Amino acid sequence: MHEQFSREADRQDGEDNLRYTQELSRSLGLWGNVALCVAAITPAVGVFAIAPILLNMAGTGAVWALLIAGLLGLSMAACYGELGSAYPIAGGDYSVISRTLSKAAGFVSLVFTGPVCAFLIPAVVALTVATYLNVVVPLDARWVGAVVIALGTVIAILGVRFSARLVGLLLTVELLVVVFVTLLGFAQTQHSLSEVLRPTTFDSEGAQSLAAGALLAAVAVAAFTYNGFQGALLFSEETSGGGRNIARSVFISLGVAVSFGVIPVLGGLLGARSLADFTTSATPWQQLLTDTGGEVFNTIVSLGIALAVVNGVMALTPYFARVIYSSGRDWMWPGPISRALAKVHPRFETPWVATLVIGVAGVLLILTTDVETMATVIGTIIALEMILVAVSAIVSRVRFPRLPRPYRMPLWPAAPTAAIALCLVVLAEQTRKDQITAFVIVGISLLYYWLYLRPRSETHMKMLKPVESD
């Protein structure tokens with residue numbers, strides 16, 4: 001493929017005339033794209049795996065953290081919607097940032113959304129499956145997670161339409177489980193709305209008002225809950241209907257994510273027998289289920305939760321595989337690696353090598369490292385990534401005023417400006433360890449770019465035009 005690009009470059013007046021070839025199967029409609037995005041967001045994981053962390057961090061303030069993260073998400077959806085409609089390329093964030101800011105910034109984005117998040121997030125999510133299966137039989141969380149990732153890898157290789165249908169079917173089950181637990185909380189309200197909405201934390205000394213800094217630190221974790229709504233960009237080369245459908249998918253996916261993030265947590269708090277116990281428990285939902293219907297009831301619902309989490313992993317694999325595939329197609333790595341990552345299966349028309357890399361890396365991570373200790377840094381990385389995208393949304397209008405934009409955000413540049421300001425405040429409240437880890441990743445990425453990619457700019461990191469839309 002690299003040689004093909006070189007030959008084409010010789011025949012064209014310049015790089016601006018080159019265009020990607022349609023290799024992926026354009027077989028997704030708007031709702032197929034939405035199904036994959038919402039499943040990648042994984043509402044069940046947000047509620048049953050991330051919300052407990054939020055509750056432990058912020059107590060009843062978890063609701064406000066989710067609401068603030070939702071407002072941040074709305075600002076980012078406007079940025080993603082406009083940029084995604086203008087650059088419908090499978091690479092997603094890095095493809096846009098490279099073309100608007102610089103290739104150096106684009107490579108940093110690639111490392112964030114590629115190797116870091118692509119390998120780490122599915123592993124973190126898969127680890128939670130065993131928590132809910134343990135109500136039936138004790139299982140090793142690492143091996144259960146490894147099997148789930150392997151299953152998701154195989155299904156992702158079999159085809160995007162097949163994946164979307166299966167994921168969509170299981171997504172229905174997932175959302176029903178979340179709705180059921182939510183209604184359970186509202187049906188047995190134990191506390192007033194004013195009590196639940198008063199940001200309060202609990203410890204051995206009793207109830208305390210939540211500090212503003214602690215609330216903002218929790219927003220980064222809450223933003224992780226919604227991460228994935230921008231996945232519409234990753235499936236843009238496989239989605240029919242043009243750039244406007246990409247923007248529509250972004251907003252619809254975010255709306256579903258916020259609804260299935262805020263409302264269940266609010267319901268859980270209202271229905272908890274004790275706010276102190278619920279917000280400090282490592283497994284608050286199982287506590288709520290047991291208090292309501294006993295152990296048998298908890299077991300039945302927990303199995304549904306486990307299935308929902310498995311569905312999330314199956315959706316995350318093709319989601320991140322598009323980033324890895326695109327990085328090979330853009331020649332980001334040494335020759336043999338780039339050629340392999342850019343391979344598309346001749347029958348299934350899926351990026352099978354990139355998908356396999358996601359699966360193998362996830363299995364190795366989950367079996368050999370303590371990925372849970374890395375989970376908190378994801379929020380910091382997502383905040384940095386959002387800043388890059390928001391800046392791109394501003395710079396793109398300035399640098400390329402005539403660029404066709406099927407969707408144009410209203411009140412530009414209000415949305416990206418607000419997103420940047422909020423992300424900077426959130427970043428300042430993260431732990432020093434997470435801040436240092438994130439900036440070390442930035443430093444290593446820039447070092448690779450300056451030492452390897454920039455000297456090979458004639459042959460590497462080619463930013464071509466999008467494929468022709470239907």
For Ile324, are the conditions met, namely being surrounded by 21 or more Cβ atoms within 10 Å (Cβ to Cβ), at pLDDT 80 or above, part of a helix (DSSP H, G or I) and within 17 Å of the chain's Cα centre (by Cα)?
yes
Listed by range, helices (runs of 4 or more DSSP H) wholly within the range 124-201 having at least 3 residues that are closer than 24 Å to Ala218 by Cα, modelled with pLDDT of 90 or more and open to solvent by 20 Å² or more (accessible area, probe 1.4 Å) are 193-196
Among Ala438, Ala415, Ala390, the single one that is surrounded by 19 or more Cβ atoms within 10 Å (Cβ to Cβ), touching a Leu at 6+ places or on another chain (Cβ under 7 Å) and hydrophobic (A, V, I, L, M, F, W, C) is Ala438
Of the residues in the range 230-253 that are open to solvent by 10 Å² or more (accessible area, probe 1.4 Å) and modelled with pLDDT of 85 or more, the one that is farthest from Trp64 (Cα to Cα) is Arg248
Restricting attention to the range 327-367, which residues are hydroxyl-bearing (Ser, Thr, Tyr), under 26 Å from Thr42 (Cα atoms) and at pLDDT 85 or above?
Ser327, Thr355
If a residue has to be open to solvent by 10 Å² or more (accessible area, probe 1.4 Å) and of a type in the set (A, V, I, L, M, F, W, C) to count, how many in the range 79-95 make the cut?
1
When you scan the range 345-364, do you find a residue that is under 22 Å from Val313 (Cα atoms), of a type outside the set (A, V, I, L, M, F, W, C) and open to solvent by 40 Å² or more (accessible area, probe 1.4 Å), even just one?
yes
Output the number of residues of the range 267-295 satisfying the condition of being open to solvent by 30 Å² or more (accessible area, probe 1.4 Å) and within 24 Å of the chain's Cα centre (by Cα).
2
What are the residue pairs meeting all of these: first residue in the range 430-455, first residue among the aromatic types (Phe, Trp, Tyr), second residue open to solvent by 40 Å² or more (accessible area, probe 1.4 Å), Cβ atoms under 8 Å, and 6 or more apart or on different chains?
Tyr449/Lys103
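Okay, residues lined up against (1) β-branched (Val, Ile, Thr); (2) buried (at least 18 other Cβ atoms within 10 Å of the Cβ); (3) touching an Asp or Glu at 6+ places or on another chain (Cβ under 7 Å):
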{"residue": "Thr369", "(1), (2), (3)": "yes, no, no"}
{"residue": "Val377", "(1), (2), (3)": "yes, yes, yes"}
{"residue": "Thr380", "(1), (2), (3)": "yes, yes, yes"}
{"residue": "Ala383", "(1), (2), (3)": "no, yes, no"}
{"residue": "Arg399", "(1), (2), (3)": "no, no, no"}
{"residue": "Pro404", "(1), (2), (3)": "no, no, no"}
{"residue": "Pro410", "(1), (2), (3)": "no, no, no"}
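The values are calculated or read from the model by the stated rules, or taken from the named source; none is laboratory data. Source: prediction; values computed, not measured. Note that we place each Cβ from the backbone using ideal geometry, even for glycine, and neighbour counts take in every protein chain shown. Only protein heavy atoms, including side chains, enter the accessible area calculation; ligands, DNA and RNA are left aside. Shrake-Rupley method; radii C 1.70, N 1.55, O 1.52, S 1.80 Å.
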